[in-house]
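Contents: one structure, followed by commentary.
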Amino acid sequence: MSVKYTMKLFLIFTLLVNVLLACDVLPDRQISNSTTPVPDGSSGSPSSPINTWNQWTPGVELRYEHWKGAGNNEDTVTIARFGLQHVHISVGYQPDQPLSLNNWMKQTNAAAVIDGGFFDTRNHAVALLVSNGQSYGTSYSGFGGMLSVDNQGNVSLRSLRDQPYDPGNEQLEQATQASPMLMIDGQRTQFQADSSVRRWSVIAMDKQGRLLLIVSPSLAFSLDQMADLLASSDLSLETAMNLDGGASTGLYVNGGNQKVTVEALTLLPIAIIIK
């Protein structure tokens, strides 16, 4: 057998081995232990089924839903629901030292953390914010909404157009304002918004008085589509308010042995904290 023929056989054998190795290796990179779709950039319990509430701790429930828009754009949305008699709500505000959502979670030892209202380039709240009884900024007037906790511990999520903030008669311990309201009195609202798709975070209350944190972590929906999906969902929502969203969208839920992580893509000076 000539040397040239031997080398040719060797090269063919080498090529076949490389092809077979590639076929074996590449599928392994796609293997996941999770049998349940979870949002991009997040982690959750592999055993959590879609469209089913799972109680993690008393008063804390989690659910994944697969939402599809009118244009067949879709995302797996993470929803956390809280019985208000079981939790304490506060608003964290650190304009001089914004934190990643992960560090907000570590600093507060919270059961859940989500991004809050809007902030400017100096990390200052652009509307009224109350953190542990200390007020910052100026309230929206005639638009937007507010999540608040008064000095009696009463939690409210309301439209500021329908119920303007009254500093003379309201003693708030915690508050963050944002815009627009997506649902009021169980009905989808009308608002001006462009058609761009973004990551979205929403805070809502249902007809049973429970608080919901809702996150769509992919670039799937416009704000109008998000409002449509909230209104057509089976979540029995009474009110819903858009939060900062975009790069700020993030959610952490700590259920002991189970955790959900949708990390914000920027540092956050404002966070809604649930313990």
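Only the coordinates and a few stated rules stand behind these numbers; no lab work does. Note that this is a predicted model, so its numbers are computed, not measured. Backbone-built Cβ (ideal geometry, glycine too); neighbour counts: all protein chains shown.
Worth a mention:
- Neighbour counting of Cβ atoms within 10 Å sorts the residues 200, 104, fewest neighbours leading, into 104, 200.
- Residue-wise HN-Hα coupling along the range 212-223, computed from phi with Karplus coefficients 6.51, -1.76, 1.60 (Hz; x: Gly, Pro): 10, 10, 10, 10, 10, x, 9, 7, 10, 10, 7, 5
- With a cut-off of 13 Å between beta carbons, the residues surrounding residue 147 carry a summed charge of -3, where Lys and Arg count +1 and Asp and Glu -1.
- Footprinting exposure proxy for 273, 214, 184 (fewest neighbouring C-beta atoms within 10 Å first): 184, 273, 214
- Ascending count of other beta-carbon atoms within 10 Å, so fewest first, for 140, 93: 140, 93
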